[in-house]
Amino acid sequence: MAVVSNPVVVMKRYEMKYIMSPEQTEYFKESVKGYMKIDKFGLTSIASLYYDTPNYRLIRTSVEKPPFKEKIRLRSYGIATDNSPVFLELKRKAYGIVYKRRVQSTIPLVKKFFDGEGDICAGGQINKEITTFRDYYQTLVPACMIIYDRVAYFQPDGDLRLTIDHNPRYRYEDLDLRVSMEGNSLLKDGYTILEVKVQQAVPLWLSDILTKGKIYKGSFSKYGEAYRQQLLRTRNL
């Protein structure tokens, strides 16, 4: 299980997303060998429980693609328990730059936090930002579960990080990280989501690999796509 040694994490970086076919996925994996290494956790199943207002204000704003948007989610690596570490993440995107605030906690403590009972961690700027976010939106409830199986790559001598998410899926029922890792597929069979995360410019060798593989950057949100598919399901009932 992936557990950070520091329970508070701050991140600022550019993030680019690409949808890859099965053939492009295999091509990309082969092409980055020699440049990138798979991290020590290997293939990891990740679940993120997104919180939203009862009328889905956060995701409705996000899908309109404004210059600034924000989300809050609770993440676990594998099925969680009451005592296992989970990570509450406040994610904001402004003009292409992603800012993330992340704190380690447990499910019972996070539930108390969203019920308005105290802080999420012991003071400090991160606690203030997350608490202000909660208080601004007043009522935040579990809204959607996003699950995927991720392989993460890192650059030994740089800040570049790549992730490939296999079998991305979602569900709007059983919104509890302790239940299961099951869900409805977000993409066609075998398709994956590549995320490129970097603090500076994308290196030339990576741009060449993407160009040769005809892998093109797109605008894709897992929660946004899940929301769209769920609306279609609801309308077709």
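The values are calculated or read from the model by the stated rules, or taken from the named source; none is laboratory data. These figures come from a predicted structure and were not determined experimentally. Quick reminder, even Gly has a Cβ in these numbers, built from the backbone with ideal geometry, and neighbours come from all protein chains shown.
Overview of results
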quantity	calculated
Selected residue (criterion: surrounded by the fewest Cβ atoms within 10 Å (Cβ to Cβ)) from residues of region 174-210 that are under 17 Å from ARG75 (Cα atoms) and of a type outside the set (Gly, Ala, Ser)	GLU182
Selection count, region 115-172, where residues are surrounded by fewer than 19 Cβ atoms within 10 Å (Cβ to Cβ), modelled with pLDDT under 90 and touching a helix residue (DSSP H, G or I) at 6+ places or on another chain (Cβ under 6 Å)	2
Lone unmet requirement of (1) out of contact with any helix residue (DSSP H, G or I) (no Cβ under 6 Å at 6 or more places or on another chain); (2) in a helix (DSSP H, G or I) for ILE209	(1)
The lone exception for VAL202 - which of (1) under 20 Å from MET20 (Cα atoms); (2) out of contact with any Asp or Glu (no Cβ under 8 Å at 6 or more places or on another chain); (3) modelled with pLDDT of 95 or more; (4) not acidic (Asp, Glu) it fails	(3)
Out of GLU129, GLU117, sole residue that is within 20 Å of the chain's Cα centre (by Cα) and either of a type outside the set (Phe, Trp, Tyr) or under 30 Å from TYR35 (Cα atoms) (or both)	GLU129
Pair list, Cβ under 7 Å, 6 or more apart: region 14-42 residue under 17 Å from PHE154 (Cα atoms), other residue assigned to a helix (DSSP H, G or I)	PHE28/ILE209; SER31/ILE209; VAL32/ILE209; TYR35/TRP205
